[in-house]
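Inspection log for the structure reproduced underneath, given as structure tokens.
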Amino acid sequence: MKSPLDGWYDKAGVRTDPRRVMARELEEGKTLFPHKLIPYLDHPLVAALEPEERYRITARHLYQYMQFTMHFETSVVNRAAERIANGTSGLPLPAATRLDAYKIYCDEAYHALYSLDVVEQVSDATGVEVPAYDFAPFLDRLDGLGASVMPGETILVQLLQVVVFETLVTSILKDIPKDQTVVGTVREVVRDHAQDEGRHHAYFAAFFKELWHDLSPALRERASRCLPELVSRSLTPDLVPVRGSLRLAGLDEASVSEVLADVYAPDRTRDGIRASARHTFQLFESVGVLDVPGARDSFMSAGLL
Ligand SMILES: [Fe+2]
Ligand SMILES: [Fe+2]
């Protein structure tokens with residue numbers, strides 16, 4: 001059987017990509033992160049700040065993205081990849097599928113390493129300090145949802161989480177590599193990452209088919225009710241670091257709240273989630289998730305279809 005991880009020893013970023021090192025791009029007036037992907041940067045209250053302040057906001061946005069990625073890879077993706085690999089996923093998987101999961105495990109650890117590496121390099125080059133980043137609230141929210149919607153199914157929830165995240169197509173991974181306004185090192189790192197993630201996407205789409213096939217009808221029904229909320233809650237942006245960054249830029253508490261309320265209005269957030277999860281929904285559709293009684297309605301009422 002062919003696998004998306006075939007050829008991993010010769011193709012994976014961790015096996016082939018060089019360390020990406022910050023060169024002279026900072027001096028060429030390039031941005032650290034595409035402005036159009038920082039939704040609050042053009043809000044009138046932020047646009048009115050001095051250019052140096054907006055530059056620091058942009059740097060901190062990059063830090064947040066990279067730090068989120070770093071934690072996410074090791075705490076969420078590798079938590080599930082390890083289970084799949086070491087035989088504690090509860091699924092009867094062939095050895096090849098388990099070995100592939102360890103390849104993904106190595107990939108994600110490398111993604112975490114270079115995410116932090118970029119943060120440190122950019123901070124050294126720009127002098128913009130890296131605020132402390134606490135991933136625990138996001139992880140608690142993600143796991144808390146699983147515990148409330150599917151009590152007693154911790155492992156299944158962890159596997160579903162990873163399927164959702166690994167089959168998303170974010171505009172960050174898709175657009176940054178091509179964006180000539182962005183500093184080269186950031187583009188290169190995101191391109192390296194996107195190439196590995198293309199293989200992971202294919203692996204987890206196939207994995208989900210196995211997983212779903214193996215579930216009892218009762219569990220399928222529970223899982224299909226949990227999935228819309230799992231997708232929504234997983235993809236709702238973490239605003240705590242944004243709030244902190246805007247405070248550091250000198251906005252007072254009321255202005256920060258105004259910016260966030262305008263920029264992250266529920267409708268806009270839902271549109272963003274729908275766009276990045278469209279391939280995930282197609283996967284659900286193709287596997288029959290939406291044919292489970294009540295499933296389509298739960299997706300509709302969550303505003304996802
Ligand atoms: Fe990754
Ligand atoms: Fe991945």
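The values are calculated or read from the model by the stated rules, or taken from the named source; none is laboratory data. Note that this is a predicted model, so its numbers are computed, not measured. Glycine gets a Cβ as well: all are built from the backbone with ideal geometry, and neighbour counts include every protein chain shown. Accessible surface areas use protein heavy atoms only, side chains included; no ligands, DNA or RNA. Shrake-Rupley method; radii C 1.70, N 1.55, O 1.52, S 1.80 Å.
Please indicate, with yes or no, whether at least one residue in region 259-273 is of a type in the set (F, W, Y), modelled with pLDDT of 90 or more and not in a helix (DSSP H, G or I). Yes, some residue in region 259-273 is of a type in the set (F, W, Y), modelled with pLDDT of 90 or more and not in a helix (DSSP H, G or I).
Would you please name the residue that is surrounded by the most Cβ atoms within 10 Å (Cβ to Cβ), looking only at residues in region 226-256 that are of a type in the set (G, A, S) and at pLDDT 95 or above?
Going residue by residue through region 226-256, those that are of a type in the set (G, A, S) are 232, 234, 244-245, 249-250, 254-255.
After this cut, where a residue has to be at pLDDT 95 or above as well, the list is 244-245, 249-250, 254-255.
Details: G244: 17, S245: 22, A249: 19, G250: 10, A254: 8, S255: 16.
Looking at residues that are of a type in the set (G, A, S) and at pLDDT 95 or above, I get S245.
Residues of region 71-80 include at least one that is within 16 Å of ligand 2 (Cβ to nearest atom) and farther than 21 Å from Y203 by Cβ.
Within the bounds of region 142-153, is there any residue that is in a helix (DSSP H, G or I), open to solvent by 20 Å² or more (accessible area, probe 1.4 Å), touching a residue at least 40 places away in the same chain (Cβ under 8 Å) and out of contact with any strand residue (DSSP E or B) (no Cβ under 6 Å at 6 or more places or on another chain)? Reasoning before the result, please.
Going through region 142-153, the residues in a helix (DSSP H, G or I) turn out to be 142-149.
Still in the list and also open to solvent by 20 Å² or more (accessible area, probe 1.4 Å): 143-144, 147-149.
When the remaining residues are screened for being touching a residue at least 40 places away in the same chain (Cβ under 8 Å), the result is 149.
Retained after the next criterion (residues that are out of contact with any strand residue (DSSP E or B) (no Cβ under 6 Å at 6 or more places or on another chain)): 149.
Among the residues of region 142-153, at least one is in a helix (DSSP H, G or I), open to solvent by 20 Å² or more (accessible area, probe 1.4 Å), touching a residue at least 40 places away in the same chain (Cβ under 8 Å) and out of contact with any strand residue (DSSP E or B) (no Cβ under 6 Å at 6 or more places or on another chain), which makes the answer yes.
Scanning for something in a helix (DSSP H, G or I), at negative phi and among the polar types (S, T, N, Q), does region 206-218 turn up at least one residue? No, region 206-218 has no match at all.
Residues of region 235-258 being part of a helix (DSSP H, G or I) and without any contact (Cβ under 8 Å) to a residue 60 or more places away in the chain, which ones? Walk me through it before giving the result.
So in region 235-258, the residues part of a helix (DSSP H, G or I) come out as 235, 240-248, 253-258.
If the condition is that a residue be part of a helix (DSSP H, G or I) and without any contact (Cβ under 8 Å) to a residue 60 or more places away in the chain, then R243, R247, E253, A254, V256, S257 are the ones that fit.
In this entry, P34 is excluded by the filter for residues that are surrounded by 16 or more Cβ atoms within 10 Å (Cβ to Cβ), in contact (Cβ under 8 Å) with a residue 40 or more places away in the chain and in contact with a Lys or Arg (Cβ under 9 Å, 6 or more places away or on another chain).
Looking at region 68-87, can you tell me whether even one residue there is among the polar types (S, T, N, Q), touching an Asp or Glu at 6+ places or on another chain (Cβ under 6 Å), at negative phi and in contact (Cβ under 8 Å) with a residue 60 or more places away in the chain?
Filtering region 68-87 down to residues among the polar types (S, T, N, Q) leaves 69, 74-75, 78, 86.
Checking which are touching an Asp or Glu at 6+ places or on another chain (Cβ under 6 Å) leaves us with 78.
Remaining after also requiring at negative phi: 78.
With the extra rule that they be in contact (Cβ under 8 Å) with a residue 60 or more places away in the chain, the set shrinks to none.
Scanning region 68-87 turns up no residue that is among the polar types (S, T, N, Q), touching an Asp or Glu at 6+ places or on another chain (Cβ under 6 Å), at negative phi and in contact (Cβ under 8 Å) with a residue 60 or more places away in the chain.
Give region 167-196 a look and list any residue that's open to solvent by less than 20 Å² (accessible area, probe 1.4 Å) and assigned to a helix (DSSP H, G or I), or say none.
Step one: list which residues in region 167-196 are open to solvent by less than 20 Å² (accessible area, probe 1.4 Å), which gives 167, 176-177, 182-186, 189-190, 192-193, 196.
Within region 167-196, I176, P177, G184, T185, V186, V189, V190, D192, H193, D196 qualify.
Would you confirm whether or not region 210-222 contains a residue that is modelled with pLDDT of 95 or more, in contact with a helix residue (DSSP H, G or I) (Cβ under 6 Å, 6 or more places away or on another chain), farther than 27 Å from R83 by Cα and not β-branched (V, I, T)? Among the residues of region 210-222, not one is modelled with pLDDT of 95 or more, in contact with a helix residue (DSSP H, G or I) (Cβ under 6 Å, 6 or more places away or on another chain), farther than 27 Å from R83 by Cα and not β-branched (V, I, T), which makes the answer no. Residues that are open to solvent by 40 Å² or more (accessible area, probe 1.4 Å) and away from ligand 1 (no atom under 16 Å from the Cβ) were ranked within region 101-125; the one that is nearest to G198 (Cα to Cα) is E120.
Here the condition is being acidic (D, E) and under 19 Å from P137 (Cβ atoms); of D271, D267, D252, D238, it holds for D238 alone. Residues that are assigned to a loop (DSSP other than H, G, I, E, B), surrounded by 13 or more Cβ atoms within 10 Å (Cβ to Cβ) and at pLDDT below 95 within region 4-31 comprise M22, K30, listed in sequence order. If we scan region 224-234, do we find a residue that is without any contact (Cβ under 8 Å) to a residue 40 or more places away in the chain and either more than 16 Å from ligand 2 (Cβ to nearest atom) or in a helix (DSSP H, G or I) (or both)? Within region 224-234, none of the residues are without any contact (Cβ under 8 Å) to a residue 40 or more places away in the chain and either more than 16 Å from ligand 2 (Cβ to nearest atom) or in a helix (DSSP H, G or I) (or both).
Among the residues of region 72-100, which ones are closer than 18 Å to V163 by Cα, open to solvent by 50 Å² or more (accessible area, probe 1.4 Å) and assigned to a helix (DSSP H, G or I)? So that I can check it myself, show each step before the final result.
To start, the set of residues in region 72-100 that are closer than 18 Å to V163 by Cα comprises 72-93, 97-100.
Subset that is open to solvent by 50 Å² or more (accessible area, probe 1.4 Å): 74, 79, 82-83, 86, 88, 90, 92, 98-99.
Within region 72-100, T74, R79, E82, R83, N86, R98, L99 qualify.
Among residues of region 125-137 that are within 14 Å of L32 (Cβ to Cβ), those with a beta-carbon under 9 Å from a residue that is in a loop (DSSP other than H, G, I, E, B) at least six positions away or on a different chain give the pairs A125/M22; T126/L32; V128/L32.
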